[in-house]
């Protein structure tokens with residue numbers, strides 16, 4: 001079961017959760033880590049909402065369903081942790097401790113272990129024990145208030161920002177940083193990754209713009225929030241959309257020339273009072289042709305324009321097909337592993353296995369006797 005990728009040889013125990021923790025573990029598994037996912041008897045609600053084979057963030061690692069309140073199950077997990085480099089859990093603060101798999105007992109058994117904790121609010125603070133989801137962390141960080149059009153309510157950007165960027169990616173960064181540090185100290189440590197912290201960190205440049213006085217408090221009036229006519233989306237003749245990101249002067253001027261509008265003086269971009277008039281010119285012009293007609297004209301040029309593709313269209317785009325950005329895994333179209341490596345490329349994603357499938361092979365790889373695992377919930381390997 002040894003996998004390809006730069007993390008080949010790294011062993012991870014994942015205590016199942018929803019959202020950012022399994023997304024982080026998927027990223028590690030994609031890049032070659034050997035992962036055993038421990039699922040609770042009752043699956044999280046959101047996992048039940050799609051067929052298991054379509055729950056893409058569970059790909060690339062076998063799983064075992066255990067009741068962690070059971071002593072035998074807990075003892076088995078502790079025995080596996082002895083062989084692991086990383087443990088990932090996404091419980092509210094204190095839950096892992098009550099189950100007997102918190103950092104203190106686990107790292108006493110394995111001082112080299114990196115213990116990754118994924119929460120919304122962090123391990124401490126007034127809101128630490130409160131429930132939350134992506135939208136609540138996004139709201140409290142100041143990010144949600146800044147996203148949207150002028151005169152409209154804040155726009156929810158799926159759950160990409162707090163769950164997957166501020167959560168999963170920051171947890172992965174923390175875990176990998178701790179693994180690098182371990183090479184010098186020989187010791188593991190606890191990584192406290194909070195979605196609220198990660199989301200705030202993602203806003204660093206925007207907070208800097210505000211401090212410099214380059215950002216108004218009204219959303220939809222600034223450079224990057226749809227306020228600028230040269231950084232926005234425009235409807236085309238067929239009702240489809242084109243995205244424009246002509247921030248630099250040369251891209252801006254070439255875009256306008258290509259669509260038949262005089263770029264005007266060099267301060268056209270900087271004159272915010274003129275943005276509404278320019279926006280109307282671009283709206284009228286883009287409505288004269290279909291999205292694909294504009295794409296054919298603009299995509300080969302340095303004008304920072306791209307068609308707004310649907311999720312069914314994106315995998316068929318020439319560039320994404322060339323790079324195999326999307327792959328088909330047993331009929332489920334999904335993103336391939338990222339990023340890419342020159343010497344240690346990752347394998348193509350594997351299907352999401354049913355609970356129990358492949359567990360014995362992984363245990364043998366970790367030099368653990370498969371007979372030691374609880375069997376009452378297992379599916380034969």
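Buried (at least 18 other Cβ atoms within 10 Å of the Cβ), more than 28 Å from residue 349 (Cβ to Cβ) and modelled with pLDDT under 95, is that true of residue 269? Walk me through how you get there before you give the answer.
Values: buried (at least 18 other Cβ atoms within 10 Å of the Cβ): yes; more than 28 Å from residue 349 (Cβ to Cβ): yes; modelled with pLDDT under 95: yes.
In short, yes.
Does the range 116-132 include one or more residues that are under 30 Å from residue 227 (Cα atoms), touching a residue at least 24 places away in the same chain (Cβ under 8 Å), surrounded by 21 or more Cβ atoms within 10 Å (Cβ to Cβ) and touching a helix residue (DSSP H, G or I) at 6+ places or on another chain (Cβ under 6 Å)? No, there is no match, as no residue in the range 116-132 is under 30 Å from residue 227 (Cα atoms), touching a residue at least 24 places away in the same chain (Cβ under 8 Å), surrounded by 21 or more Cβ atoms within 10 Å (Cβ to Cβ) and touching a helix residue (DSSP H, G or I) at 6+ places or on another chain (Cβ under 6 Å). Each residue in the range 221-250 was checked for being surrounded by fewer than 18 Cβ atoms within 10 Å (Cβ to Cβ) and farther than 19 Å from residue 292 by Cα, and 7 pass. May I ask you to list the residues in the range 177-197 that are under 18 Å from residue 113 (Cα atoms), in contact (Cβ under 8 Å) with a residue 24 or more places away in the chain and part of a helix (DSSP H, G or I)? If the condition is that a residue be under 18 Å from residue 113 (Cα atoms), in contact (Cβ under 8 Å) with a residue 24 or more places away in the chain and part of a helix (DSSP H, G or I), then 178, 179, 182 are the ones that fit.
The condition of being exposed (fewer than 12 other Cβ atoms within 10 Å of the Cβ) and in the same structural domain as residue 268 (by TED's automatic domain parsing) does not hold for residue 293. Among the candidates 253, 225, 238, the residue that is free of Cβ contacts under 8 Å to residues at least 40 places away in the same chain and over 14 Å from residue 283 (Cβ atoms) is uniquely 253. For the range 63-80, residues that are in contact with a helix residue (DSSP H, G or I) (Cβ under 7 Å, 6 or more places away or on another chain), closer than 17 Å to residue 34 by Cβ and buried (at least 21 other Cβ atoms within 10 Å of the Cβ) total 1. Meeting the requirement of 2 or more residues that are under 22 Å from residue 25 (Cα atoms), the helices (runs of 4 or more DSSP H) wholly within the range 95-155 are 95-99, 103-109, 134-140.
When residue 362 is tested against (1) touching a residue at least 60 places away in the same chain (Cβ under 8 Å); (2) assigned to a helix (DSSP H, G or I); (3) surrounded by fewer than 16 Cβ atoms within 10 Å (Cβ to Cβ), just one condition goes unmet, and that condition is (3).
If I ask for residues that are assigned to a loop (DSSP other than H, G, I, E, B) and in contact (Cβ under 8 Å) with a residue 12 or more places away in the chain, which ones from the range 307-318 would you list?
Scanning the range 307-318 gives a single hit, 308.
Assess whether residue 161 counts as being assigned to a loop (DSSP other than H, G, I, E, B) and under 17 Å from the mean Cα position of the chain (by Cα). Criteria not met by residue 161.
Being touching a residue at least 12 places away in the same chain (Cβ under 8 Å), surrounded by 15 or more Cβ atoms within 10 Å (Cβ to Cβ) and part of a loop (DSSP other than H, G, I, E, B), is that true of even one residue in the range 165-176? Checking the range 165-176: not a single residue is touching a residue at least 12 places away in the same chain (Cβ under 8 Å), surrounded by 15 or more Cβ atoms within 10 Å (Cβ to Cβ) and part of a loop (DSSP other than H, G, I, E, B).
The values are calculated or read from the model by the stated rules, or taken from the named source; none is laboratory data. Predicted, not measured: the structure shown is a model, and the values here were computed from it. Ideal geometry is used to build each Cβ from the backbone, glycine not excepted, and the neighbour counts take in all protein chains shown.
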